[in-house]
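Some notes on the structure that comes next.
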Ligand code: SF4
């Protein structure tokens with residue numbers, strides 16, 4: 001974790017679920033599992049968040065909420081689907097209003113298995129998400145630098161060749 005430039009901020013959303021995974025996510029914040037030792041901060045504002053942690057499946061009613069939260073997060077951002085419901089719809093997949101896993105609506109970077117997902121698996125998923133976040137951040141910085149170089153050198157024309 002020494003490669004981290006800043007503390008990753010996480011926003012948690014629980015979709016259609018039995019709340020089992022939701023409770024396990026909260027357990028990660030307790031002193032027993034203490035996800036804050038990785039510098040992780042839990043935020044309620046998507047505009048401050050780097051990582052979106054979703055438990056539960058997506059349905060007709062919450063699909064817009066998931067989409068709004070994702071869209072309000074600044075780039076780079078990483079999405080973690082926690083538990084089988086968030087991964088594929090799980091036991092709710094056959095329900096009349098359930099669309100399936102989170103990736104039916106937004107791109108997912110990390111899938112955490114389990115029903116319920118264990119706190120150790122969730123922490124593994126968060127650590128993986130932090131790695132992906134740093135990769136995305138480095139790629140964005142490189143792209144920005146390349147664009148700057150292109151702007152400074154300007155387009156090639158006959159007048160600046162001679
Ligand atoms: S994966 Fe299992 S424990 Fe988690 S929300 Fe779905 S049904 Fe509940």
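The values are calculated or read from the model by the stated rules, or taken from the named source; none is laboratory data. Everything numeric here is computed off the predicted structure, so don't read it as measured data. Positions of Cβ are generated from backbone atoms using ideal geometry, with glycine treated the same way; all protein chains shown enter the neighbour counts.
Listed conditions (1) within 11 Å of the ligand (Cβ to nearest atom); (2) part of a helix (DSSP H, G or I); (3) in contact with a strand residue (DSSP E or B) (Cβ under 7 Å, 6 or more places away or on another chain) are all met by residue 91, apart from (3).
Restricted to segment 57-82, and to residues there that are within 27 Å of residue 135 (Cβ to Cβ) and within 13 Å of the ligand (Cβ to nearest atom), the residue that is surrounded by the fewest Cβ atoms within 10 Å (Cβ to Cβ) is 58. For segment 26-55, the set of residues classified as closer than 19 Å to residue 118 by Cβ and modelled with pLDDT of 95 or more consists of 51, 53, 54, 55, listed by residue number. Whether any residue in segment 6-16 is touching a residue at least 12 places away in the same chain (Cβ under 8 Å), touching a helix residue (DSSP H, G or I) at 6+ places or on another chain (Cβ under 9 Å) and part of a helix (DSSP H, G or I) is what I want to check. No; the residues of segment 6-16 include none that is touching a residue at least 12 places away in the same chain (Cβ under 8 Å), touching a helix residue (DSSP H, G or I) at 6+ places or on another chain (Cβ under 9 Å) and part of a helix (DSSP H, G or I). For residue 85, are the conditions met, namely being within 16 Å of the ligand (Cβ to nearest atom) and buried (at least 16 other Cβ atoms within 10 Å of the Cβ)? In short, yes.
The residues in segment 94-122 that are at negative phi, part of a loop (DSSP other than H, G, I, E, B) and either surrounded by fewer than 16 Cβ atoms within 10 Å (Cβ to Cβ) or within 15 Å of the ligand (Cβ to nearest atom) (or both) can be counted, and the count is 12. Do you know which residues across segment 83-122 are without any contact (Cβ under 8 Å) to a residue 24 or more places away in the chain and under 15 Å from the mean Cα position of the chain (by Cα)? Within segment 83-122, just 103 meets the criteria.
If the condition is being in contact with a strand residue (DSSP E or B) (Cβ under 7 Å, 6 or more places away or on another chain), within 8 Å of the ligand (Cβ to nearest atom), touching a residue at least 40 places away in the same chain (Cβ under 8 Å) and part of a helix (DSSP H, G or I), then segment 17-30 contributes only 21.
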